[in-house]
1. Which of the residues spanning the range 87-102 are touching a helix residue (DSSP H, G or I) at 6+ places or on another chain (Cβ under 6 Å) and closer than 11 Å to Ile121 by Cα?
2. Could you list, in sequence order, all residues of the range 63-85 that are over 28 Å from Pro14 (Cβ atoms), in contact with a helix residue (DSSP H, G or I) (Cβ under 9 Å, 6 or more places away or on another chain) and among the charged types (D, E, K, R)?
3. Checking Leu66 against (1) free of Cβ contacts under 8 Å to residues at least 12 places away in the same chain; (2) assigned to a helix (DSSP H, G or I); (3) surrounded by 12 or more Cβ atoms within 10 Å (Cβ to Cβ): exactly one of these is not met. Which one?
4. Mind checking which residues of the range 5-17 are under 12 Å from Ser51 (Cα atoms) and loosely packed, with under 15 Cβ neighbours inside 10 Å?
5. I need the full set of residues from the range 7-36 which are in contact (Cβ under 8 Å) with a residue 12 or more places away in the chain, outside any helix (DSSP H, G or I) and closer than 22 Å to Leu62 by Cβ, in order please.
Amino acid sequence: MPPPEHVTGPHGRPIDLAAIARKTCVAYDREFPDERERYGPAGAAWCRHDSQHLLNWAVLSLTQDLDYERELAWLARILEARDFPLSRLARCLELLAQTTRQRVPDVPQVADRIQHGAEFIASHGSFLKST
């Protein structure tokens, strides 16, 4: 499912998911250049795709009835099954939280929710073992 480009934030104004995801993935690529070799150009596209969804879910968990941890666990299971390190998903969430704080400073609860998501991912050894 393609991610949305924008979402209405808790402040009632649109948040540009695509711009925040792009900036996050530039920072992620600087930290993990080895992924260019492993995933090629598709890796950058998936980073943006997943980051847009992660940010969208964080906002929707604040504005609607969406369980952020359940969505994170779902994505973590998929990525883990594909041998993607959970530590890198957690780091991506940390970078997403940082970028969100910079780009949407008037709504700190969004970045706080994403940072909580990073901690949630990091606190689990595996999501494949959970029921």
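1. Leu89, Ala90, Cys92, Leu93, Glu94
2. Once the filter is applied, which keeps residues that are over 28 Å from Pro14 (Cβ atoms), in contact with a helix residue (DSSP H, G or I) (Cβ under 9 Å, 6 or more places away or on another chain) and among the charged types (D, E, K, R), the range 63-85 yields only Glu80.
3. Of everything listed in (1) free of Cβ contacts under 8 Å to residues at least 12 places away in the same chain; (2) assigned to a helix (DSSP H, G or I); (3) surrounded by 12 or more Cβ atoms within 10 Å (Cβ to Cβ), Leu66 misses just condition (2).
4. Within the range 5-17, just Glu5 meets the criteria.
5. Answer for the range 7-36, where residues must be in contact (Cβ under 8 Å) with a residue 12 or more places away in the chain, outside any helix (DSSP H, G or I) and closer than 22 Å to Leu62 by Cβ: Val7, Thr8, Gly9, Pro10, His11, Ile15, Asp16.
Quick note: the coordinates plus some simple rules give every number you see, no bench work behind them. Just so we're clear, the structure is a prediction, and the values are computed from it rather than from any experiment. Ideal geometry is used to build each Cβ from the backbone, glycine not excepted, and the neighbour counts take in all protein chains shown.
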